[in-house]
């Protein structure tokens with residue numbers, strides 16, 4: 001083993017249960033005070049993706065979830081739903097259906113949309129936009145851009161994905177999803 005591994009080598013060796021030079025590090029940095037130490041301004045809750053990348057690179061963190069907050073609160077329409085996007089969250093505020101029959105039609109439409117989509121765009125059906133600090137139309141292109149910006153010092157991690165029916169009950173509303181399920 002060479003004396004100084006890069007992030008990919010260190011993570012690969014860790015996952016293969018092999019010896020590494022140091023313990024692999026991973027982090028989700030969302031603290032304005034930490035980010036402010038590595039950029040040319042004092043950030044509040046308004047750091048950019050470039051600023052959080054500079055922080056990861058400066059700290060030499062092997063892997064991380066690199067996200068920036070929404071630039072400003074706004075209303076956004078995606079996949080037939082209206083979202084209120086705020087600092088770190090987004091909520092469905094208007095749906096194109098009001099009852100189970102309407103929800104059934106919407107679910108069929110969404111399934112057809114996903115089936116006809118490119119694999120890289122399917123991610124957006126879980127709710128692209130707001131919380132990653134930029135519009136993400138193609139997840140592969142977004143990830144390739146992150147890797148390029150990080151220059152191999154840090155390996156970007158996949159953003160956490162909702163599990164089970166989380167996305168669906170956000171889209172449908174818990175009441176309508178329960179009736180649809182029954």
Inset, instruction - Give the residues of segment 153-177 that are surrounded by fewer than 11 Cβ atoms within 10 Å (Cβ to Cβ) and at pLDDT below 85, sorted by residue number. - result: 158, 160, 161, 163, 164
Inset, instruction - Please list, ordered by first then second residue, the pairs with beta carbon atoms under 7 Å, 6 or more apart or interchain, first in segment 15-26 and free of Cβ contacts under 8 Å to residues at least 24 places away in the same chain, second surrounded by fewer than 11 Cβ atoms within 10 Å (Cβ to Cβ). - result: 19/1; 21/3; 21/4
Legend entry - Considering residues of segment 80-91 that are under 18 Å from the mean Cα position of the chain (by Cα) and buried (at least 16 other Cβ atoms within 10 Å of the Cβ) only, the residue nearest to residue 46 (Cα to Cα): 85
Inset, instruction - Look at residue 116 and say whether it is at pLDDT 90 or above and either over 30 Å from residue 169 (Cβ atoms) or exposed (fewer than 13 other Cβ atoms within 10 Å of the Cβ) (or both). - result: no
Legend entry - Set 42, 55, 12: member being in contact with a helix residue (DSSP H, G or I) (Cβ under 8 Å, 6 or more places away or on another chain), assigned to a helix (DSSP H, G or I) and either surrounded by 17 or more Cβ atoms within 10 Å (Cβ to Cβ) or without any contact (Cβ under 8 Å) to a residue 24 or more places away in the chain (or both): 55
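The values are calculated or read from the model by the stated rules, or taken from the named source; none is laboratory data. Since the structure is predicted, the reported quantities are computational estimates derived from the model, not experimental observations. Methodologically, a virtual Cβ is constructed for each residue, glycine included, from the backbone with ideal geometry; neighbour enumeration extends over all protein chains shown.
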